[in-house]
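Below is one structure, written out as structure tokens; comments come after it.
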Amino acid sequence: MAKFRRRTCIILSLFILFIFSLMMGLKTLRPKMATFGDPFGLDLLPEFRQQTVHLEKNFDSKKSDKINSGTNTNNLKSVEITMKPSKPSEFNLEELPPLNYYLHVFYYSWYGNPQFDGKYIHWNHPVLEHWDPRIAKNYPQGRHNPPDDIGSSFYPELGSYSSRDPSVIETHMRQMCSASIGVLALSWYPPDSNDENGEPTDDLVPTILDKAHKYNLKVTFHIEPYSNRDDQNMYKNVKYIIDKYGNHPAFYRYKTKTGNALPMFYVYDSYIIKPEKWANLLTTSGSQSVRNSPYDGLFIALLVEEKHKFEILHSGFDGIYTYFATNGFTYGSSHQNWANLKAFCDNYNLLFIPSVGPGYIDTSIRPWNTQNTRNRVNGKYYEAALSAALQTHPSLISVTSFNEWHEGTQIERAVPKRTSNTVYLDYRPHKPGLYLELTRKWSEKYSKERTTYTLDHQPPVS
């Protein structure tokens, strides 16, 4: 009997020891990206600890000044929570998908932070007032207050980064490359010019070209509506871009059906300038013509209204793009009109470049604009737009956008984040790279389909 009791005690002790060991083992298997708090042990790293302390101090001192947008939730009891990204790993170029040089993405280099720029730029975007004072009075005013409160409904995995940070630029190039995007269309203002919320960025172009070249990406230019833009200074600026950047191996040229390899320029808000002014620049008989000169190129006009079709034609443009990611917002951005636009372009030998986007939400800076919000529906909205674009057999496809965070059109990686009075949207239940993965999937599909209906499927030359 004593022997039986001794054996039972030994078995019971071993069982308890096994349960204890199992519990300790499970405890160490905590996910790297736990929903609450930081991964076990990361706070021991000096760099991480300093960043955490810095964010907490900023949060405590600034939380009372936060601006609430239409996508934010008030009076949350929780402390700030941000999914911390892992350190970007180096990609082996041989392991990346083939780049599709007929897939372009709009890219913005206007962001800044104190570390690289001495202040926040664009992340602190003002809340824009409605033009009707009766409506405007119902919405908040002021500016956003980074790093916890930014002018976006989503929060970047890289945080409130600076476009001047070389590591950020390189990470962006890796993300584009992983998405099988071949060309980035860089938002561009002339030297010493900028948008009303930013700073001059032309000095960043050489670094962007160098980083793009490292990943075999190409760079084209998205010319913004800078102050007093007209046919005369457009000639000077096109000349400037080609003279300064045209010999760089990452400078994009599109090989046409006639065998010419020409630079491409997207011209945002092109309809502001009258057709006869554009004709001075873009027709062979124009007084400032670039045609058949070293500064010739493919100039792509933004089509907003249907009537712009013939204005674009008379202006001498080489093609149209639609830019806006909101299906139904404009005639050009409405998917149902793309077949007609493609037929028009084919009839007049123009390039048709539909612009697709993953969704749209700009209520962090235009809180009164909820009617134009387009829910991402876990990627379904993006795939529907891509499918509609492919059905038109386009010459090129443009993606709006890689990182226009203010309007919520970004495909860049975003992470969950919430503070005491703000909840940011995110890509869950999917991973932060969902829209890069979807872009890669459709880029490969487009590349295969394009070869069946075009003769000019050689890569662009530079």
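The values are calculated or read from the model by the stated rules, or taken from the named source; none is laboratory data. Here the structure is a predicted model, which means the values were calculated and not measured. Note that each Cβ is placed from the backbone with ideal geometry, even for glycine, and that neighbours are counted across all protein chains shown. Side chains included, ligands, DNA and RNA excluded: accessible areas come from the protein's heavy atoms. Shrake-Rupley method; radii C 1.70, N 1.55, O 1.52, S 1.80 Å.
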(message) Quick test for you: out of G316, G332, pick the one residue that is small (G, A, S), without any contact (Cβ under 8 Å) to a residue 40 or more places away in the chain and open to solvent by 10 Å² or more (accessible area, probe 1.4 Å).
(response) G316
(request) Can you run down the residue pairs with Cβ atoms below 7 Å, 6 or more apart or on separate chains, where the first is in segment 181-204 and under 14 Å from M264 (Cβ atoms) and part of a strand (DSSP E or B) and the partner is among the aliphatic types (A, V, I, L, M) and open to solvent by 10 Å² or more (accessible area, probe 1.4 Å)? (result) G182/L99
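Conditions tested, residue by residue: (1) touching a His at 6+ places or on another chain (Cβ under 9 Å); (2) farther than 28 Å from Y254 by Cα; (3) open to solvent by 10 Å² or more (accessible area, probe 1.4 Å).
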{"position": "P358", "(1), (2), (3)": "no, no, no"}
{"position": "T370", "(1), (2), (3)": "no, yes, yes"}
{"position": "N378", "(1), (2), (3)": "yes, yes, yes"}
{"position": "Y381", "(1), (2), (3)": "no, yes, yes"}
{"position": "H406", "(1), (2), (3)": "yes, yes, no"}
(message) Out of V168, V219, V183, I need the residue that is farther than 25 Å from L434 by Cβ and either open to solvent by less than 10 Å² (accessible area, probe 1.4 Å) or out of contact with any His (no Cβ under 9 Å at 6 or more places or on another chain) (or both). Which one?
(response) V219
(request) Take S364 and decide whether it is in a loop (DSSP other than H, G, I, E, B), among the hydroxyl-bearing types (S, T, Y) and open to solvent by 10 Å² or more (accessible area, probe 1.4 Å). (result) no
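The rows are residues; the columns are (1) charged (D, E, K, R); (2) under 19 Å from S333 (Cα atoms); (3) assigned to a helix (DSSP H, G or I).
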site: Y381; (1), (2), (3): no, yes, yes
site: L386; (1), (2), (3): no, yes, yes
site: A389; (1), (2), (3): no, yes, yes
site: P394; (1), (2), (3): no, yes, no
site: Q410; (1), (2), (3): no, yes, no
site: N421; (1), (2), (3): no, no, no
site: Y427; (1), (2), (3): no, no, no
site: H430; (1), (2), (3): no, no, no
site: E437; (1), (2), (3): yes, no, yes
(request) Would you tally the residues in segment 169-203 being in contact with a strand residue (DSSP E or B) (Cβ under 9 Å, 6 or more places away or on another chain) and among the acidic types (D, E)? (result) 3
(message) open to solvent by 10 Å² or more (accessible area, probe 1.4 Å), in a loop (DSSP other than H, G, I, E, B) and within 22 Å of T400 (Cα to Cα): is that true of R291 in this structure?
(response) no
(request) Could you please find all residues in segment 106-130 being assigned to a helix (DSSP H, G or I) and either touching a residue at least 12 places away in the same chain (Cβ under 8 Å) or within 18 Å of S193 (Cβ to Cβ) (or both)? (result) Q115, F116, D117
(message) Which condition from (1) open to solvent by 50 Å² or more (accessible area, probe 1.4 Å); (2) among the β-branched types (V, I, T); (3) in contact (Cβ under 8 Å) with a residue 24 or more places away in the chain is the one that I300 breaks?
(response) (1)
